[in-house]
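Data first, discussion second: the structure below is written as structure tokens.
All of the numbers you see were taken from the coordinates with simple rules; none came from a lab. Bear in mind that the values here come from a model prediction, so they are computed numbers and not experimental data. Ideal geometry is used to build each Cβ from the backbone, glycine not excepted, and the neighbour counts take in all protein chains shown.
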Amino acid sequence: MARILITSAIPYINGIKHLGNLVGSQLPADLYARYMRARDHEVLFLCATDEHGTPAELAAAKAGMPVADYCAEMHEVQTRLSDGFRLSFDKFGRSSSPQNHLLTQHFAGKLAENGLISEVSEKQMYSNADGRFLPDRYIEGTCPNCGYDRARGDQCENCTKQLDPTDLIEPRSAISGSTDLEVRETKHLYLKQRSLRGQLSEWIDSKTDWPVLTTSIARKWLNDGDGLQDRGITRDLDWGIPVKKGAEDWPGMEGKVFYVWFDAPIEYIACAKEWSDARGAPDAEWERWWRTDKGADDVRYVQFMGKDNVPFHTLSFPATIIGSGEPWKLVDYIKSFNYLNYDGGQFSTSQGRGVFMDQALSILPADYWRWWLLSHAPENSDAEFTWENFQASVNKDLADVLGNFVSRVTKFCRSKFGEEVPSGGDWGAEEDALIARLSEGVARYEAAMEAIEVRKAAGELRAIWVAGNEYLQSAAPWSVFKDDPDRAAAQVRLALNLIRVYAVLSAPFIPDAAGSMLSAMNTLDTDWPSDMRAALTALPPGHAFTVPEVLFKKIADEEREDWQTGFAGQR
RNA sequence: GGGCCUGUAGCUCAAUUGGUUAGAGCAGAGCGCUCAUAACGCUUUGGUUGGGGGUUCGAGUCCCUCCGGGCCUACCA
């Protein structure tokens, strides 16, 4: 039994996430966690909300709420939606937790002790009207290069020229529109990533099995231009983790907080402590997952994230861990994803374009979304959601291939043998062939899951479902029954057992439907079918079952059209 | 501008990393079955692998070039 630590990139707090966010980290992480648990491995699956930073403050202000209240409320909302999608986190924590405060300050203290923090005085734009320093992209003005009047302080969207906020002509606050801006001197802490470049580079080079997407982004940052740069890890904000050196105050840093990208990954660790604290368990509980000196040396740590998060997970966070000089667990495998587009464009939180988690669940059960999203996961390139494709895939795969299999088998049995597993008859060559085929299919499915090849795993699972229909078609118990009811009984007995096997195999993708299948088959036996022949006898003759409701109702053309138009506009 | 990824059947994707005749699913066509959610099964149509050039006994795969799409570029997170 292996021990597997799984984290999903933590979703930002300012609003409800769309399906692109979901499929880029949380959903595949959940698939992997469920699979590994099903294989009897010990799993700790962690996620949290990422609550600090300027956008959170602005969103709270817009909602007319104190930022702490806003975050608490949005955390509840996101928790409900995670539950709705059946994301099986062992703990869904908060980056604003007391645990993360202490741990983030602890890491900063260690890094300072080890000479990896420098204090840098710099000039930043301050908005008097807004009463805050403004990040570059929150300053708008006219581009000195092309004259576009809504250029941002970091880059002009029109001519793509890189800008400095001070380059802008007539700069104004993107928040209030105020032009009452001034340049102020402010002091910040920088993490001296340069001095860790060699170690990080060596570490990345050792990861030969990582997705190209992951390593190429890391190498780019390591080697581009002058190489890896030091990074500011503090900000002039009210909401965040106060800058401290461990438990001590940090002279000159009063009123400042850590940069959200410094404290967010540390929350992966703090979240484990939130998990054990919530149960009143001792620190040893979470430390055996994170401290290699306290039992975590045999843990395999896998991270899931969208490609935009890769630099922080391959460089910044490892720099924090390595730089601490303490025996924290480093990530073993990073699974990164491209983006999911929506009907010819991008999903957009700010523009409300696409399908959001709450809307998705209000239309259809989680399994529909889970299946489509995972079987179309953007692993090798960006993928695209269209309503037509969604309807066709879900109807065919879930309703026709899997759902109808369950339906035809249970209903046939009920009409000929009653609602119990029939006795009599023996298996022959046809059943041997099916068992061999299923065993091979399961082996391929397992291999894809171990390698976290999500689409491939979905394809293999589907092929296993298809094998059941092919068997029924050629065995044709409805014909055999007329002359040889015992033989038909043996066929149906196998088919009923196949439903249980399908439930177990499919549960990581479609947990609710798997649950319905198991309860219809009146069994709690979720043993993995490592021995297919034995697995297909788990439900013995005489075992009672019930014919379930339709597992997956098909999506009608009308519904699809309604949603298509309904979601075309803005949220 | 620079870097990386990507372009394969009408659609969504494969192709053991240079090795026979480029494969699946969906959609389309035909046949079969009648247990089942008008479901299932079998057969089948469909490709100058974005264009052009090159290397090689051999190129979807490597090189050059052109065209298209995407991402990143360090103060959004």
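Structure notes:
- Using the Cβ of A:E51 as centre and a radius below 11 Å, the other residues enclosed give a net charge of -3, where K and R count +1 and D and E count -1.
- Charging the Cβ of each Asp and Glu at -1 and of each Lys and Arg at +1, and nothing else, the dipole of the stretch A:319-399 about its Cα centre rounds to 100 debye.
- Share antiparallel - DSSP beta bridges, chain A, percent rounded to 5: 55 percent
- Solvent-free Debye calculation, one equal scatterer per alpha-carbon of the stretch A:218-265: log10 I(q)/I(0) at 0.20 Å⁻¹ equals -0.71.
- The spacing between the stretch A:38-95 and the stretch A:257-330, judged by their C-alpha centroids, is 17 Å.
- For chain A, the convex hull spanned by the alpha carbon atoms encloses 161 Å³ per residue.
- Cα centroids of the stretch A:488-510 and the stretch A:388-412: 14 Å apart.
- Ordering A:L438, A:L102, A:L551, A:L330 from the fewest to the most neighbouring beta carbons within 10 Å gives A:L330, A:L102, A:L551, A:L438.
- Dimensionless Rg over Rh [the stretch A:387-535; C-alpha; Kirkwood]: 0.97
- Legend: calculated FRET efficiency, A:A68 to A:E202, from the Cβ-Cβ distance at R0 = 41 Å, rounded to 0.05, equals 0.50.
- All lysines inside 19 Å of A:K207 as judged from Cα atoms, apart from same-chain residues fewer than 8 positions distant: A:K220, A:K307, A:K329, A:K335
- Dipole orientation for the stretch A:113-232: of the candidates A:T179, A:F133, A:W210, A:W210 has the Cα lying most toward the positive pole (charges on Cβ; Lys, Arg +1; Asp, Glu -1).
- DSSP H segments from chain A that extend 20 Å or more along their own axis, Cα-based, with Kyte-Doolittle mean of -1.0 or above: A:67-84, A:98-113, A:260-278, A:429-450, A:454-475, A:485-506
- Calculated FRET efficiency for the pair A:M1/A:D525, C-beta based, R₀ 22 Å, to 0.05: 0.65
- Note on A:S118 and A:K554: the model spin-label points, each 7 Å out from Cα along the C-beta direction, lie 6.7 nm apart.
- The residue list A:G418, A:A281, A:G93 was ranked by how far each Cα lies along the charge dipole of chain A toward its positive end, using unit charges on Cβ atoms, and A:G418 comes out on top.
- Likely footprinting exposure, A:E140, A:E549, A:E267, fewest C-beta neighbours within 10 Å first: A:E549, A:E140, A:E267
- Ordering A:A458, A:N389, A:G428 by Cα displacement along the dipole of the stretch A:387-535 toward the positive end leaves A:N389 in first place; charges were set at the Cβ atoms of Lys, Arg (+1) and Asp, Glu (-1).
- Annotation: lysines with alpha-carbon distance below 17 angstrom to A:K396 (same-chain offsets under eight excluded): A:K553, A:K554.
- Dipole moment magnitude, nearest 20 debye, chain A about Cα centre, only Lys, Arg, Asp, Glu C-beta charged: 360 debye
- Taking the Cα centre of the stretch A:240-283 as origin and assigning +1 to Lys and Arg Cβ atoms and -1 to Asp and Glu Cβ atoms, the resulting dipole is close to 40 debye.
- Here the scattering of the stretch A:69-110 is modelled by Debye summation over its C-alpha atoms, one equal scatterer each and no solvent; at q = 0.15, 0.16, 0.26, 0.31 Å⁻¹ the log10 of I(q)/I(0) is -0.49, -0.54, -0.89, -1.02.
- The base-10 log of I(q)/I(0) for the stretch A:453-571, evaluated at q = 0.13, 0.14, 0.22, 0.23 Å⁻¹, reads -0.65, -0.73, -1.33, -1.39 [Debye formula, identical scatterers on Cα atoms, solvent excluded].
- Sequence-distant residues sharing a close amide H with A:A383 (under 5 Å, placed H): A:Y339, A:L340, A:N341
- Packing-based exposure ordering (other Cβ within 10 Å, fewest first) of A:V454, A:V466: A:V466, A:V454
- With viscosity 1.306 mPa s and temperature 10 °C, the Kirkwood radius over alpha carbon pairs of the stretch A:113-232 converts through Stokes-Einstein to a diffusion coefficient of 95 µm²/s.
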